[in-house]
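So the structure is just underneath, and the comments pick up after that.
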Amino acid sequence: MDTPVPEPILVDYADASVPPISEFLHKSYPESPLKARPEYIRWRNFQCPLESPQSASLVATRDGQVRAQLSVSPDRLCVEGESRDCVWLYDLFVAEEDRRTLLAPRLVQTTMKRNGIVLVTGSAPHLERFYQALKWKHIKISQTFFWIRRPSRLLCMASETGERSVKQRALALALRLVDPIWSLAMGVRIRGINRSYDGIEISESTTVPEGLDEIVRAHCEAGHITTARDPDFMKWKFERRPVGKHLVLSAKRRADNKLLGYLVLKLMRRAGTAQWAEIVDYIVYPDDLITFEALVRHAQQHAVSLN
């Protein structure tokens, strides 16, 4: 008779567990090397200023070996003028031989029992049924838009995971021929936009500006839903992150230097393939489309300068 395999034990993250978790991630998810770095693990799971026992990240072990982990990041929502604690789920990683078991649901359900509001964003499409089985509700809150400068690089990234078909190889060759003309045209187009933002000054920095709480308060008073942006939390999120690079764009009114909004760009690079910028956070006063447009235009101009 086969000996039954014991259920993994779920425990809260502890600093002593960082080395074995790092080793587990290196082995099980070699395609995500940055997330296996000890400094990233400590930043994500221990150093958030909103950390609490309820928001502790989880690790699953069996016979002293890490089998899975779930990073949990606390946050605050502003809903109808009230502040509500919540947590976001990140980095759900499960050992290959445990992926057809109930280990992943156990990790998520344990976090759900501890916290009143649990959120996840950017989840891969193949995980939608997983969350639906756990009675999660899918809410469409945004759309993804792309501004493409080099079409062949985008195709290269999209087809990295498998062997290209004959059509894809032919398309890649055609796009490489088009790239220089397309890139030049897009650069000229963005520089040629004559929209006037005379009253607004955009500055670049690696630090988050003061005064975001006033803009958040305006959204709360208008009945909007957004996340709180406490100064120390924002510094942790964008300034103390040990891997990756961020660029912070601040929009101020020239007349009195009042902060009108901000936008954060994550600068990404895949060696030998492409480099790009992602807008990962922004906020302006309600209905201030001019400031939003000025920030996005500046972000596009920065993207043009990358190559």
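Tell me, please, whether a residue that is among the aliphatic types (A, V, I, L, M), within 24 Å of D75 (Cβ to Cβ) and over 22 Å from the mean Cα position of the chain (by Cα) can be found in region 215-235. If you could, list the steps in order and put the result at the bottom.
Here is the first cut: in region 215-235, the residues among the aliphatic types (A, V, I, L, M) are 215-216, 218, 222, 225, 228, 234.
Next, only the ones that are within 24 Å of D75 (Cβ to Cβ) stay: 215-216, 218, 222, 225, 228, 234.
Pick out the ones that are also over 22 Å from the mean Cα position of the chain (by Cα) and you get 218, 222.
Scanning region 215-235 turns up at least one residue that is among the aliphatic types (A, V, I, L, M), within 24 Å of D75 (Cβ to Cβ) and over 22 Å from the mean Cα position of the chain (by Cα).
Any residue that is surrounded by fewer than 18 Cβ atoms within 10 Å (Cβ to Cβ), without any contact (Cβ under 8 Å) to a residue 12 or more places away in the chain, of a type in the set (S, T, N, Q) and farther than 24 Å from C48 by Cβ - is there at least one of those in region 262-273?
No, there is no match, as no residue in region 262-273 is surrounded by fewer than 18 Cβ atoms within 10 Å (Cβ to Cβ), without any contact (Cβ under 8 Å) to a residue 12 or more places away in the chain, of a type in the set (S, T, N, Q) and farther than 24 Å from C48 by Cβ.
So, of the residues in region 237-260 that are among the aliphatic types (A, V, I, L, M) and in a loop (DSSP other than H, G, I, E, B), which turns out to be surrounded by the fewest Cβ atoms within 10 Å (Cβ to Cβ)?
From region 237-260, those among the aliphatic types (A, V, I, L, M) are 243, 247-249, 251, 255, 259-260; that's our starting set.
If we keep only those that are in a loop (DSSP other than H, G, I, E, B) as well, we get 243, 255.
Working: V243: 12, A255: 7.
Ranking the candidates gives A255 first.
If you check A104, A95, A133, which single one turns out to be hydrophobic (A, V, I, L, M, F, W, C), exposed (fewer than 13 other Cβ atoms within 10 Å of the Cβ) and in contact (Cβ under 8 Å) with a residue 24 or more places away in the chain? Before the answer, list the steps.
Working: A104 fails: exposed (fewer than 13 other Cβ atoms within 10 Å of the Cβ); A95 fails: exposed (fewer than 13 other Cβ atoms within 10 Å of the Cβ).
Of A104, A95, A133, the one residue that is hydrophobic (A, V, I, L, M, F, W, C), exposed (fewer than 13 other Cβ atoms within 10 Å of the Cβ) and in contact (Cβ under 8 Å) with a residue 24 or more places away in the chain is A133.
Just the residues that are under 22 Å from R44 (Cβ atoms), assigned to a helix (DSSP H, G or I) and either free of Cβ contacts under 8 Å to residues at least 12 places away in the same chain or touching a Leu at 6+ places or on another chain (Cβ under 8 Å) (or both), please, taken from region 213-236.
Quick first cut of region 213-236, residues under 22 Å from R44 (Cβ atoms) only: 227-236.
Now restrict to residues that are assigned to a helix (DSSP H, G or I): 231-236.
Within region 213-236, P231, F233, M234 meet the criteria.
Given (1) more than 22 Å from V248 (Cβ to Cβ); (2) under 29 Å from the mean Cα position of the chain (by Cα); (3) at pLDDT 60 or above, identify the lone condition not met by R164.
(3)
If a residue must be crowded, with 18+ Cβ neighbours inside 10 Å and not charged (D, E, K, R), how many such residues does region 32-74 contain?
Within region 32-74, residues that are crowded, with 18+ Cβ neighbours inside 10 Å and not charged (D, E, K, R) number 20.
The values are calculated or read from the model by the stated rules, or taken from the named source; none is laboratory data. Note that the structure is predicted; figures quoted are calculated from it, not measured. Here the Cβ is made from the backbone with ideal geometry for all residues, glycine too, and neighbour counts use every protein chain on show.
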